[in-house]
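First comes the structure, then the notes that go with it.
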Amino acid sequence: MRDVDEGEVLTRRCRDLLRGLAKEVRQTVHLGALRQGMVTYLAKEMRGHGAAFTQEAKQLEAYCSGLGKTLLAHLPAEALDGCLAEGPFVALTAKTITAPSVLRAHLASVRDQGWAMDDEEVFEGLRCLAAPIRRRDGSVLAAISISAPLEAYEGDYQARALAALARTVDSIEARIRA
């Protein structure tokens, strides 16, 4: 009998909530987990035009994505040190954070505020907001994100998207803790 994969179980238990979030914000929603220092996309619910380049079961560098920064920010100090020792990192756009010391400071602010933003760091014209999903013991299991083109961020979109993201995280955590 094979071991139960937490990511597969999480995906099955929350896919409807991800779909609901994508419908509410009218953008692409991802569920991802850290595997071998890379973000692995566990689920993708697509609305709008954001993040057309991502695919379920594929990986992306963690240092530059909203999902990845959320996941890295919540690693134990020793594990984070190991990830940052792999730098300097490749700039995917002019806004990608490539210096390990700058990334470390950025990740500390992500941990403090409880969410991350990829502000055109992976793809020009694309912004991503992400938040962690925690296990019962408080450790981070995965993260979810909303990817949207910059033009979506008019008015109060970011505040509304962050509120919707927080509600969805709360619902997912309630399910996995039940």
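Out of A108, A130, A161, any idea which swings most in a Gaussian network model of the chain, alpha carbons joined below 10 Å?
Maximum among the listed residues: A108.
Where the only charges are on Cβ atoms (+1 Lys, Arg; -1 Asp, Glu), what is the dipole of region 8-147 about its Cα centre, to the nearest 20 debye?
I would put it at about 580 debye.
Determine the principal axes of the Cα atoms in region 93-172, then give the extent along each, sorted from largest to smallest and rounded to whole angstroms.
Extents along the principal axes, in whole Å: 38, 33, 17.
Provide the gained length on full extension for the span S109 to A178, in nm with one decimal, where the gain is 0.36 nm per separating residue minus the Cα-Cα distance.
Contour length minus Cα-Cα distance gives 21.8 nm.
In a GNM of the chain with a 10 Å cut-off on Cα contacts, which of E61, E154, E124 has the highest mean-square fluctuation?
Judging by the Gaussian network model, the answer is E154.
To two decimal places, what compactness ratio does the chain give when its Cα radius of gyration is scaled by 2.2 N^0.38 Å?
0.96
Label points 7 Å out from Cα along the Cβ direction at V102 and D5: separation in nm?
Here the answer is 3.6 nm between the modelled labels.
Calculate, in nm to one decimal, what A79 and L150 gain on full extension: separation in residues at 0.36 nm each, minus their alpha carbon distance.
22.3 nm
Can you run the Rg to Rh ratio on region 61-124? Use alpha carbon positions and the Kirkwood inverse-distance Rh.
That ratio is 0.93, to two decimals.
List the relative contact order of region 6-177 as a percent without decimals, with contacts defined as Cα pairs under 8 Å and 6+ residues apart.
Once divided by the residue count of region 6-177, the mean separation gives 24 percent.
Within region 6-177, count lysine pairs with alpha carbon atoms under 20 angstrom apart where the residues are 8 or more positions apart or belong to different chains.
Counting lysine pairs in region 6-177 gives 5.
Read the figures in this text as sums done on the coordinates, not as results from a lab. Predicted model, so just to flag it, every value in this text is computed and none were measured. Backbone-built Cβ (ideal geometry, glycine too); neighbour counts: all protein chains shown.
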